[in-house]
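Input: a single structure, listed below in structure tokens.
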Amino acid sequence: MIVRVRTQLGTWRINNVKANDTFGTLRERVETEHKTDLEGHSFSLDAGGKQIVPDVVTIKEAKLQNGSMIYVTVNEDRTIFTTPTNTMITKEGNLVTKEVESSPDGFRPGLLPLRSMKMHWTLGEFVEMDSKFEYKMKRQEKGECKQVSLDVKCITEFQNYMRTLDYRQIRVAYLYGTVKSDNTVIVEAIYEPPQNSTDIYFELLPEAEAESERVDTIAEYLNLKRVGCLISHPPREEGFYFSGYEVLFATEQQLISCNGYDKQDTFVTVKMTVDEKSNVIVEGFQFSLQCMEMVAENVIVPSNNLGKCTVQPTFTAIQV
């Protein structure tokens, strides 16, 4: 399973976590994989730090599920930033910008100089090393989801709700339903987690995680599961499909559903808005395996240009 760890420096994903792993094991992995130090700080199940979890407790005993969020404060002065980033998430869950200095002699921005890794490099070794930070952007011909069908009553009620807001806010929701043998997704229910939103930005409230887990449990009793997410937004100019924040949110949900980016499942993102004549437009999307990898590896972050994502300076993205 994937466990998300929210710190004052950002949200980190820990992959391949087992139910019998202890929080002590998780602590070691966070410190090793993210080159940080957690000495003097304990994990908590809530953003306020009231539900402290001892290191001896297992993931199963804490009742964590795939994609669960836990919270911890790291020692910033003992943290090594391997990739510079302009976007950070505060402990309150707000996105802020923060400059991270890197060595001017680094192999790439945010990385060590080649000589700090080893003294002698062949051309082949250099090319192989460099290729790990280069992404060749390719269109994925088809996704796993063949078609998505939404319950008419559910989507109509959500449309009516958005009309009461005059489509002036972004709202996100989770979709629950089933998947047929031909990979058609059937949506039977829509759940909107607690959130704050404007016409350009949204954020889930701290209680959204726990409430969503309860909804997941109720859905299981009804033989339903989370099959996608819905993003409804105000009208936009032609060609502006998703903001950078929306791309990262939806891809994050898809990563949780797929338990990583090794394969793609039928998790679908439904987009709903209105055109200039107030006609409702509902479309289904899936984010590619390459997009999933780039989000998981922190290659892309939201841009100041809402209709785009920014590639981190450590990496290179080439359109082919």
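Worth pointing out:
- Taking Cβ atoms as reference points and 10 Å as the exclusive limit, the residues near ARG78 contribute a net charge of -4, counting Lys and Arg as +1 and Asp and Glu as -1.
- In the range 204-320, the C-alpha radius of gyration followed by the widest Cα-Cα span (Dmax) gives 15.9, 46 angstrom.
- In the range 206-260, the C-alpha radius of gyration followed by the widest Cα-Cα span (Dmax) gives 14.1, 42 angstrom.
- One way to sum up the overall shape of the range 117-157 is the equivalent ellipsoid from its Cα gyration tensor, whose semi-axes run 49, 12, 7 Å, largest first.
- For the range 158-250, fraction of C-alpha pairs farther apart than 19 Å, in %: 47 percent
- On Cα atoms only, tilt of 208-221 relative to the major axis of the chain in degrees: 60 degrees
- The label-point distance for ASP130 and LEU165, in a model that sets each label 7 Å from Cα toward Cβ, rounds to 4.7 nm.
- Residue ranges 253-265, 217-229, 283-295 sort as 283-295, 253-265, 217-229 when ordered by packing (mean number of other C-beta atoms within 10 Å per residue, highest first).
- The chain - mean residue ellipticity at 222 nm from DSSP helices (-39,500 (n - 2.57) per run, n ≥ 4, rounded to 500): -7000 deg cm²/dmol
- Taking the longest Cα principal axis of the chain as reference, the axis of helix 23-33 is set at about 70 degrees.
- Rounded percent of accessible protein surface that carbon and sulfur make up, the range 172-273, 1.4 Å probe: 51 percent
- Per-selection Kirkwood Rh - the chain (Cα, Å, 1 d.p.): 21.3 Å
- Solvent exposure of the range 184-262, expressed per residue, is 47 Å² of accessible area, with all protein chains present and a 1.4 angstrom probe.
- Straight-distance candidates among the lysines for linking to LYS225, with alpha-carbon spacing under 24 Å and chain neighbours fewer than 8 residues away dropped: LYS18, LYS60, LYS63, LYS142, LYS146, LYS153, LYS180, LYS263, LYS271.
- Estimated from the Cβ-Cβ distance and a Förster radius of 41 angstrom, the FRET efficiency linking ILE200 and ASP265 is about 0.85.
- A crude spin-label estimate for the pair VAL320 and ASP151, with each label 7 Å from Cα along the Cβ direction, gives 4.4 nm.
- Mean projected area in nm² (Cα convex hull; one quarter of hull surface) for the range 1-53: 3.7 nm²
- Summed side-chain charge close to PHE133 - residues other than PHE133 whose Cβ falls under 15 Å, Lys, Arg +1, Asp, Glu -1: -3
- Neighbours of ASP182, meaning other residues whose beta-carbon lies under 15 angstrom from its beta-carbon, give a summed charge of +1 when Lys and Arg score +1 and Asp and Glu score -1.
- Between helix 152-164 and the chain: long-axis angle, C-alpha atoms, 0 to 90°, nearest 10: 80 degrees
The values are calculated or read from the model by the stated rules, or taken from the named source; none is laboratory data. Everything quoted here is computed from the prediction, not taken from an experiment. For neighbour counting, all protein chains shown are included, and Cβ atoms are generated from backbone atoms with ideal geometry for every residue, glycine included. We work out accessible area using only protein heavy atoms, side chains counted, and drop any ligands, DNA or RNA first. Shrake-Rupley method; radii C 1.70, N 1.55, O 1.52, S 1.80 Å.
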